[in-house]
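What follows draws every value from the coordinates through simple rules; no lab data is involved. Values in this document were obtained by computation on a predicted structure and should not be read as measured data. Reconstructed Cβ throughout: ideal geometry from the backbone, glycine too, with neighbour counts over all protein chains shown.
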């Protein structure tokens, strides 16, 4: 395949990336072909970025094709450093210069906003968020434009540190692949919420290791339409006792799209008193769409509470009927119920302006699909 | 960290009761696997040319395939050349009646409690009125040594044969259905089986016939270093009903032995097949030495409208279990059921579950899986529920519960759900727990010792599945659960 002129940051062809095939269990529903297509997208005009920054104090980072636009960025406590590559199949391609947020003990930073603009071709960017004991941070990331955007983010939380992380994928085309690796110290808390409400394909690859008494949430909503394919493959590993985790994912699939949710909880041998919960639910808007679910439990300790629930189907016809009987037209009733279905996942965002912005993006998507 | 619960389960060693070997003269195929082995087996069975070609095709295919490694199993590489693929008891001229059967083999079955005479009851179940009868096909290593109640079954029109006899006597029927549900190229172990299968059972129940008795096959691996590859094919024609039981044991040996079976079920319009398994292959000793590698492909095709297939399995044996009894629900309103209890102890590993492939409108499936892990074992439920775009109004309910006895074992749940039709209602629930101190305390305060209390609670946990078994099997299975857990339950 010919290289696009815009594939300038790392001029490698996805076929040569040595990616796993869909025969590998963790990549069963992956859409690797989409990477080549995304990387080969012709250059497009740079999207407007201003509107994607929320009205919040704190750092604003604007990355255009994985390169910091210093004119439009406010670094605040964020620095640029060199990152070494990890060993994840996609994540390892994101290496070199990337951003870093490091907070000292007891520090609390203003929210960090990162907007990633892609203009075709492929771009890769590593990042790290390192919070010392009792530090608190909020990070909001937004992906817009078109092309293949590949990210590797390493998160390390000290004792009782807290990180709220919200990521929205709003690219109009191409593919976004995220690799998240997080390690939580004792009593630390990580809440990660992802919203896929663009037209690009996506794969969210997460690995969270929870320490003693730690709390982890990995969740979000993937909304797919057209021929789009979005998936998450996240794994929460409880390495120490008394940890808690929630994985709450919602998928809405329209047209001929495919949404796949694979979430795993792993409880190590001595991680007693772990409470792991998974809730995966899929909603099919048309009969040509597909939802795949894989709620996986891997348990080696005997005194744990782990449960998962998974459902797929259409909207509850009784609820629809009830609303219609109260004078709400059917399309409106469908919209309200679908919105409520998605809102479950977004409610986990603690910051109100961020939550409202995410809900507005989800609403805009639903207005288009319904 | 050892919990109080775990501490209670001090090790009490208990031997595998079925671990004796029978000393009889046997004919072996030359060791190893090649086209010659396949020809040897085919010739031994006096098979027609088409059957040999079918086997050879599978063998050539197998050589190009790789063993699957996606299951959560830790299996050392298997040397397929270091095993015998065929072993048969040396034939006495011709066996006219059961009296001619080698007394050693006969004694083996007596010891196992399997009636190869046409006796009335399999187990002394009180209150079973009228007396229940079971027809048995006994498979000893690679050959079927006895099939009972043949005449009576024939009067009802039911064909109950060893598969090698069926290939000779009913070639058209076998040709029509063999490999239809599990094709030769299906998977590594099924392909191997297609090449070297030695015996097994063939059942055909004609239109509108309700099989007058339970049918059963009893598999016994006896010879050393021998793999057992049996093939079972059951066809229930329109409106027919059959209940089929399968049991298995093997002697205690230090090497691992291979068992790669294929079971194909076909249910036409309004037909129902109930397939029950109590799998009790030798599981190896407490250090994981020896035991059977159990790689089994079981699949049912619910081809007709309103057809129904119900799998019930109690898996207590084998060092390694790789087994996913499945239903392809092609017929309108067809029903698939899967009830499973899998118990692992010591170093056993089980990766088992089911696939429900919904293709027909209004098809329904129920999955109830109970996993019990003890010792240092690993127990995985792996299941797939798939709904095709054309399958309107599908309903599935899945429940998988795991019980952990001790803190050195693992319980895993890997369900896959793939839905392509919005009218489907798919529900999945799973829980993982241990026996609560309260339950144990209550049972013991009523005078039960700890072992009996745990057995009672485990049986209660598995009750939904055990209820699905025919009565004779349910009694045996209940006992087996207790025995399998001995050593983990102090």
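From its DSSP helices (H runs of at least four residues, each -39,500 (n - 2.57)), chain A gives a residue-normalised ellipticity at 222 nm of -4500 deg cm²/dmol. Just checking the listed ones, A:35, A:320, A:170: in the Gaussian network model of chain A with Cα springs under 10 Å, the one fluctuating most is A:320.
Return the FRET efficiency for the residue pair residue A:84, residue A:18: r is the Cβ-Cβ distance, R0 is 22 Å, and the value is rounded to the nearest 0.05. If you can, show how the numbers build up before the last one.
Details: r = 18 Å, r/R0 = 0.83.
It comes out at approximately 0.75.
Rounded is the label for the stretch B:4-485, because the ratio a/c of its alpha-carbon gyration tensor axes (a ≥ b ≥ c) stays below 1.5. For the stretch A:205-223 versus the stretch A:122-157, the inter-centroid distance based on Cα atoms is 15 Å. Counting every other Cβ atom within 10 Å of each residue's Cβ, B:366, A:311 order from fewest to most as B:366, A:311. Compared with the direct C-alpha span, the chain from residue A:344 to residue A:286 gains 18.7 nm at full extension, assuming 0.36 nm per residue. The eigenvalues of the Cα gyration tensor, multiplied by 5 and square-rooted, give the protein assembly as shown an equivalent ellipsoid with semi-axes of 54, 29, 26 Å from largest to smallest. Counted over the stretch A:16-148, the DSSP beta bridges are approximately 30% antiparallel. With both labels modelled 7 Å from their Cα along Cα-to-Cβ, the residue B:180 to residue A:269 distance reads 5.1 nm. Residue by residue along A:283-291, Cβ atoms of other protein chains within 10 Å of the local Cβ number 5 on average.
Only beta bridges with both residues in the stretch A:193-247 are counted; by DSSP, about 0 percent of them are antiparallel.
The stretch A:268-345 and the stretch A:49-112 have Cα centres lying 33 Å from one another. Of the beta bridges in the protein assembly as shown, as assigned by DSSP with both residues counted there, near 10 percent are antiparallel. With R₀ fixed at 56 Å, the C-beta to C-beta distance from residue B:31 to residue B:446 puts the FRET efficiency at about 0.50. Beyond 16 Å, the tail of the calculated P(r) for the stretch B:357-421 holds 53 percent of the Cα pairs. Each residue in B:372, B:457 was given a count of other beta-carbon atoms within 10 angstrom of its own, and listing them fewest first yields B:457, B:372. Rounded if a/c is under 1.5, else prolate if a/b beats b/c, else oblate: with a ≥ b ≥ c from the C-alpha gyration tensor eigenvalues square-rooted, which is the stretch A:25-316? Because a/c hits 1.5 or more and a/b fails to exceed b/c, the stretch A:25-316 counts as oblate.
Residue B:397 to residue B:437: FRET efficiency via 1/(1 + (r/R0)^6), r the Cβ-Cβ distance, R0 25 Å, to the nearest 0.05?
0.20
The modelled label-to-label distance for the pair residue B:210/residue B:74, using points 7 Å beyond Cα in the direction of Cβ, is 5.1 nm. What is the log10 of I(q)/I(0) for the stretch B:247-358, computed with the Debye formula using one identical point scatterer on each Cα and no solvent, at q = 0.10, 0.15 Å⁻¹? The Cα Debye sum returns log10 ratios of -0.32, -0.62. Take each residue of peptide B:403-413, count the partner chain Cβ atoms within 10 Å of its Cβ, and average: the result is 5. Counting Cβ atoms of other protein chains within 10 Å of each residue's Cβ and taking the mean over peptide B:430-439 gives 4. Highest mean first, the peptides A:321-327, B:242-248, B:255-261 sorted by other C-beta atoms within 10 Å per residue fall in the order B:242-248, B:255-261, A:321-327.
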